[in-house]
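Single-structure report; data block below.
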Amino acid sequence: RRIEPLSDFERAFTEPADFLDALARRDEEIAHAWSILCVKPKLLPHLEKYGACWEDMEWALHEVPTKDLVPAVEEPANFLEALSNKRVGEGIRRFVIARLRPGMEPLLPEGLPWLDARWALEAIETLKELTDFLES
């Protein structure tokens, strides 16, 4: 991710508020990363209800289109509820995997970190298999 021209990046030091405001209007990759950071303080108080931590939620949000993150800022509880009820999309799939962590992580063999298990769960082909496991 590059911020060009250099004068735009220099604005971070001379006009930090303007620089931050402009991040949402940069190219899609930068705007998306900025949107995820903006929703963090809104979503954090609601994640415990779903058994998700920010590390996994952030990973899931990378697959949610930027335009779909707007409701997360305005109504975070409704955003998470809607996300938990959807059954299609890679962001939804990752959210389900994030929700599996509290039940699975304590059962992992010693020395096997959650990130490795998360990688293995991504290999499960259908969202239904993951949601069935979550709901059991």
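The values are calculated or read from the model by the stated rules, or taken from the named source; none is laboratory data. What you see is a predicted model; the values in this text were computed from it and never measured. Reconstructed Cβ throughout: ideal geometry from the backbone, glycine too, with neighbour counts over all protein chains shown. Ligands, DNA and RNA are stripped out before the accessible areas are found, and what is left, the full protein with its side chains, is counted by its heavy atoms. Shrake-Rupley method; radii C 1.70, N 1.55, O 1.52, S 1.80 Å.
Using the Kirkwood radius over C-alpha pairs as Rh, can you work out the diffusion coefficient of the chain via Stokes-Einstein at 10 °C, viscosity 1.306 mPa s, in µm² per second?
Rounded, D is 97 µm²/s.
Could you rank the peptides 18-27, 91-100 by their average count of other C-beta atoms within 10 Å per residue, with the highest value first?
By packing density, highest mean first, the sequence is 91-100, 18-27.
Using packing as a proxy for protection, rank 28-36, 81-89 so that the peptide with the highest average count of other Cβ atoms within 10 Å comes first. Write out the running numbers ahead of the final one.
On the way: 28-36: 16.7, 81-89: 13.3.
Highest-to-lowest ranking by the protection proxy: 28-36, 81-89.
Can you pull the one-decimal nm distance between simple spin-label points at Val73 and Cys38, each 7 Å off the Cα toward Cβ?
Taking the two extended label points, one gets 0.2 nm.
Would you work out what percent of the accessible area of the range 1-125, with all protein chains in place, is carbon or sulfur (probe 1.4 Å)?
Taking all protein chains in place, the range 1-125 shows 56 percent carbon and sulfur surface.
Once label points are set 7 Å from the Cα along Cα→Cβ at both Glu129 and Glu55, what is their separation, rounded to one decimal in nm?
It works out to 2.5 nm between the two label points.
Taking the Cα centre of the chain as origin, sum charge times position over the Cβ atoms of Lys and Arg (+1) and Asp and Glu (-1), and report the length of that vector in debye to the nearest 20.
Approximately 240 debye in magnitude.
Rank by packing, highest mean first: peptides 110-116, 54-60, with packing defined as the count of other Cβ atoms within 10 Å averaged across residues.
54-60, 110-116
How many lysine pairs are close in the range 13-136, with Cα atoms under 20 Å apart and the two 8 or more places apart or on different chains?
6
Give the accessible surface of the chain per residue, rounded to a whole number of Å², with probe radius 1.4 Å and ligands, DNA and RNA excluded.
Result: 62 Å² of accessible area for each residue.
In nanometres, what is the gap between the two model label sites at Asp116 and Thr14, each 7 Å from Cα along Cα-to-Cβ?
5.0
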